[in-house]
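Read through the structure below, which is laid out as structure tokens, and then see the notes.
The values are calculated or read from the model by the stated rules, or taken from the named source; none is laboratory data. For clarity, every value in this text was computed on a predicted model and none was experimentally measured. Cβ placement follows ideal geometry from the backbone for every residue including glycine, while neighbour counts extend to all protein chains displayed. All accessible areas refer to the heavy atoms of the entire protein, side chains included, with ligands and DNA or RNA removed. Shrake-Rupley method; radii C 1.70, N 1.55, O 1.52, S 1.80 Å.
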Amino acid sequence: MKLQEHVYLMADYNQWMNQKIYEAVSALPPEILHEDKKSFFGSIFATLNHICVGDTMWLKRFNSVLSHYDAYTPIADLPMPESLDVFLANNFNDLKDRRVILDEALLELAGMLSDEELLQPVTYQNSKGVTASKTLFNLLMHLFNHQTHHRGQITTLLSQSGVDIGITDLVFIQPNVEIH
């Protein structure tokens, strides 16, 4: 499998899972959505927000490699979050709109990137000001892993609220291969 194919699979999986999570969460009353569940970010809403903040920060850091793509324009137009705990939206619908922008841009970009671009270095500063350089591919794998980690926290919080989002396994969307 080419790097680009793997990135596309992960972008597709993340969009699918985010849609499932947001659909499940949309049925919750606001008091449950914002209730302090004593989790790392407190509430389901705050955890969803953190994922969007992290994705926005990472995608904006990829400007040097991705800015020539029209699909990157919605990301370029977003302001860089000031911190990891800033709220990007005051309500669920606005946060869902941000999630859709991020997922659509990421999936479209994933379909365009070449393996050569994925191996390009991206130099960035993390939220503590430490400079690092890593390949775009490795940073995208971090972005996807970060989403999966925090979605796992959300599915636990949803389960505690009596909501089952169903299948969450990547293997569910992977195509079968022919055996000869």
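Looking at the stretch 33-65, which chymotrypsin sites (Phe, Trp or Tyr not before Pro) are DSSP coil and have at most 13 other C-beta atoms within 10 Å of their C-beta?
Values: sites: 40, 41, 45, 58, 62; in loops: 40, 41, 62.
Qualifying residues, ordered by number: 40.
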- Query: Taking a 1.4 Å probe, which of 173, 167 shows the most accessible area, and what order do the others take after it?
  - Reply: 167, 173
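Excluding the sites themselves, what is the longest stretch of the chain that contains no GluC sites (Glu not before Pro) in a DSSP loop with at most 12 other C-beta atoms within 10 Å?
On the way: sites that count: 82, 178.
Counting only loop sites that pass the neighbour cut-off, the longest clear stretch is 83-177.
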- Can you give the direction-averaged projected area of the convex hull of the alpha-carbon atoms in the chain, in nm²? 11.3
- Task: Determine the dipole magnitude for the chain: charges of +1 sit on the beta-carbon of Lys and Arg, -1 on that of Asp and Glu, nothing else is charged, the reference point is the Cα centre, and the result goes in debye to the nearest 20.
- Result: 540
- Residue order for 100, 171 - accessible surface, 1.4 angstrom probe, largest first: 171, 100
- For the stretch 135-177 and the stretch 12-86, compute the distance between their C-alpha centroids and round to whole Å. 13
- Message: If I ignore ligands, DNA and RNA and count only protein heavy atoms, how much of residue 94 is accessible to a 1.4 Å probe, in Å² to the nearest 10?
- Response: 80
- Area accessible to solvent at residue 10, 1.4 Å probe radius, in Å²: 30
- Query: Semi-axes of the equivalent ellipsoid of the stretch 9-84: what are they in whole Å, largest first, if each equals the square root of 5 times a C-alpha gyration tensor eigenvalue?
  - Reply: 27, 16, 10
- Cleavage-rule hits (trypsin sites (Lys or Arg not before Pro)) in the stretch 74-180: DSSP loop, at most 14 neighbouring Cβ within 10 angstrom: 128
